[in-house]
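The structure appears right after this line, and notes come after that.
Just so it is clear, none of the values below were taken in a lab; they were calculated from the coordinates. Because the structure is predicted, anything quoted here is derived from the model rather than measured. No Cβ is skipped: glycine too gets one built from the backbone with ideal geometry, and neighbour counts run over all protein chains shown.
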Amino acid sequence: MEMGTIRDASGYRVGYVDPDGTVRDVNGYRIGYVESDGTVRDASGYRVGYFEPDGTVRDVNGYRVGSVEPDGTVRDANGYRVGEAEPPHIYGGGAALLLLIR
């Protein structure tokens, strides 16, 4: 079952998050994983970043790369809308867009 669709700024589906946190690209290939604590890992298991409870997304070095709003809007570090993430993985999907897909 597919859940948590991720879309780019034009509204095109670019990936999704499975119920278990696996992040897949538009073709269904596993490109990473979002853990329940907000950690985002690439397909090799390396930590590439994380999201905070307020929606701030940071890379592995702690630099702010963007944010995810409660409605699913994803913004880059400059505040530009770069896409959206749909429930139930709004924050994980948004972080995946910024850290794994974009």
Inset, instruction - Provide a single number: the residues in the range 58-87 that are in contact (Cβ under 8 Å) with a residue 60 or more places away in the chain and closer than 19 Å to residue 25 by Cβ. - result: 5
Inset, instruction - For the range 9-24, enumerate the residues that are of a type in the set (D, E, K, R) and surrounded by fewer than 18 Cβ atoms within 10 Å (Cβ to Cβ). - result: 13, 18, 20
Legend entry - Residue match in the range 2-11 (condition: assigned to a strand (DSSP E or B), of a type in the set (Ser, Thr, Tyr) and closer than 16 Å to residue 102 by Cα): yes
Inset, instruction - Identify, from the list 40, 82, 68, 57, the residue that is more than 11 Å from the chain's Cα centre (by Cα), surrounded by 14 or more Cβ atoms within 10 Å (Cβ to Cβ) and under 18 Å from residue 4 (Cα atoms). - result: 82
